[in-house]
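The values are calculated or read from the model by the stated rules, or taken from the named source; none is laboratory data. Computed from a predicted structure; not experimentally measured. FYI the Cβ positions are ideal-geometry reconstructions off the backbone, even for glycines, and counts take in every protein chain you see.
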Amino acid sequence: MSTTENGHHRETTLEERTWVIKFRTMGMSFKEISDELGWVSKDGAHKICRRWNSSARTQCNAK
């Protein structure tokens, strides 16, 4: 999860969440997404996809 300059957690932007979803639908694992982006943890990427899947949007499942 992204943090502010003083170390507090902040909500990810729509653009940041979109990168996670895009990489996940390309078949990348949560670990690979974390390594590629650097600002999101493996668990953070999983939470973004879980929230995305629970909404009315397209499913975020790896192929």
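What to note about this one:
- The residues on offer are 40, 20, and the sole one that is among the β-branched types (Val, Ile, Thr) and at pLDDT below 90 is 40.
- Filtered residues of the range 1-54 (kept if of a type in the set (A, V, I, L, M) and either in contact with an Asp or Glu (Cβ under 8 Å, 6 or more places away or on another chain) or not in a loop (DSSP other than H, G, I, E, B) (or both)): 14, 20, 21, 28, 33, 37, 40, 45, 48
- Where a residue in the range 37-55 is closer than 15 Å to residue 9 by Cα and its partner, wherever it lies, is assigned to a helix (DSSP H, G or I), with Cβ under 6 Å and at least six apart: 40/34; 41/34; 45/20; 45/30; 45/33; 45/34; 48/17; 48/20
- Just so you know, in the range 26-53 the residues that are in contact with a Ser or Thr (Cβ under 8 Å, 6 or more places away or on another chain) and polar (S, T, N, Q) include one that is surrounded by the most Cβ atoms within 10 Å (Cβ to Cβ), and it is 34.
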